[in-house]
Amino acid sequence: MNVNNATLLEEAYSFLEQAYYELNHTPERLKERKHEVKDQIEKTGVYEHTFEELQHGAKMAWRNSNKCIGRLFWNTLTVIDKRSATTVEEVADALLHHIHSATNNGRIRPTITIFQPGRIRIWNHQLIRYAGYELEKGTIGDPDSIEITKQALKLGWRGKGTPHDVLPIIFQLDDNEPTVITIPPEIVLQVELRHPEIDISSLQARWYAVPIISDMKLEIGGIDYVAAPFNGWYMGTEIGARNLADETRYNLIPEMAEIMNLDTSSNASLWKDRALVELNRAVLYSFQEDNVSIVDHHTAARQFHKFETNEARAERKVTGNWTWLIPPISPATTHIFHKPYKNTIVSPNYFYQEKPY
Ligand code: ARG
């Protein structure tokens, strides 16, 4: 057996041992499966996961995601096996189905759609994302999307030029020309932001309901699923304290402060902090009023605490990236701030990968 196959076999065994233990399979069944996998790797250089392995592997990968505060729900992940999708039509259908089914009219379902390892790459960072146009007078839309927007335009897509143009999905099969598909607007759930006490209509702020990360690879037992878009629901601060607030994103804090008549001439008036808090209230209030799943950072931290308790009971270690786990507002009000986490990378997991464009 060559070195690559030996490494793959080792990774496969280590995954199978843990997964079959967690799934309460007998030692005989594990042994049998290991034989089968060894056989496949020797003959073909790869092996194929059963649906159960794929499903549990994707869940374990979520459980091992050090940056994620939402891991309490790892075992509720809906896993859609689309390894059989080989044509442009099948892939396009599967992507649109993911958006529709995960959105679920606002009762968001954590979902992953897994395509066959290798042949498919999705260019977008998230399936739903606003375009960003770099103009002389500044940027319109989401500055984070400038590169992918250029790619879409180059491939013939035409945006309206508003701050909230939903980008098309761009994906590539093998080395073929990329396919560009427009998402039917009726399946893109969005929330217009308003505040329970303050009139923020002049901000014209909105955000989409479901964050579906589509540029990371899922690694299970040595197999790389490079196209495996997945989603949870939002924690409010992701939108209110980062996407809408960062100076390098929608940069709405100064406008919010103006609406609130705050004294922006003095840092010590805490105008940034006050504007930030009210913007975040608007996010939580609007999503809740529209019956779109969302969690505030205090509740999310409590849920993470429960996750830590559950994992200890299952005799597993919780790894974490403290710099990501603490929320961007009032971090020290959560227990996470006050303890250390080991940022060890455990497999299965989700990884960044090189951009295909
Ligand atoms: N932070 C990213 C965004 O604001 C989304 C990352 C995934 N978030 C989640 N709640 N599952 O779009």
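The values are calculated or read from the model by the stated rules, or taken from the named source; none is laboratory data. Owing to the predicted nature of the structure, the values given are computational and were not obtained by experimental measurement. Positions of Cβ are backbone-derived with ideal geometry, glycine not excepted, and every protein chain shown enters the neighbour counts. Side chains included, ligands, DNA and RNA excluded: accessible areas come from the protein's heavy atoms. Shrake-Rupley method; radii C 1.70, N 1.55, O 1.52, S 1.80 Å.
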Looking only at segment 234-259, filter to residues that are touching a residue at least 40 places away in the same chain (Cβ under 8 Å) and surrounded by fewer than 22 Cβ atoms within 10 Å (Cβ to Cβ); which one of those is farthest from the ligand (Cβ to nearest atom)? 259
Residue identified as under 22 Å from residue 311 (Cβ atoms), β-branched (Val, Ile, Thr), open to solvent by less than 40 Å² (accessible area, probe 1.4 Å) and within 16 Å of the ligand (Cβ to nearest atom) among 122, 99, 112, 108: 112
Residue, farthest from residue 111 (Cα to Cα), within segment 196-233, restricted to residues that are hydroxyl-bearing (Ser, Thr, Tyr) and open to solvent by 20 Å² or more (accessible area, probe 1.4 Å): 202
Counting only residues that are without any contact (Cβ under 8 Å) to a residue 40 or more places away in the chain and in a helix (DSSP H, G or I), which one in segment 315-357 is most open to solvent (accessible area, probe 1.4 Å)? 338
Within segment 173-189, residues surrounded by fewer than 16 Cβ atoms within 10 Å (Cβ to Cβ) and either of a type outside the set (A, V, I, L, M, F, W, C) or assigned to a loop (DSSP other than H, G, I, E, B) (or both) come out as 174, 175, 176, 177, 182, 184, 185, 186
For segment 131-169, what are the residues that are touching an Asp or Glu at 6+ places or on another chain (Cβ under 7 Å) and not in a strand (DSSP E or B)? 131, 146, 159
Need pairs with beta-carbon distance below 9 Å; first residue part of a helix (DSSP H, G or I) and within segment 105-130, second open to solvent by 50 Å² or more (accessible area, probe 1.4 Å); sequence gap 6+ or separate chains. 105/189; 105/291; 106/189; 106/290; 106/291
May I ask you to list the residues in segment 32-64 that are small (Gly, Ala, Ser) and in contact with a Phe, Trp or Tyr (Cβ under 6 Å, 6 or more places away or on another chain)? 61
Count of residues meeting criterion [assigned to a helix (DSSP H, G or I) and open to solvent by 10 Å² or more (accessible area, probe 1.4 Å)] in segment 84-96: 6
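Scan segment 65-83 for residues that are within 15 Å of the ligand (Cβ to nearest atom) and assigned to a loop (DSSP other than H, G, I, E, B) and report the count.
So the count comes out to 7.
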Say we look at segment 192-215 and pick out the residues that are among the β-branched types (Val, Ile, Thr) and part of a loop (DSSP other than H, G, I, E, B); which of these is farthest from the ligand (Cβ to nearest atom)? 198
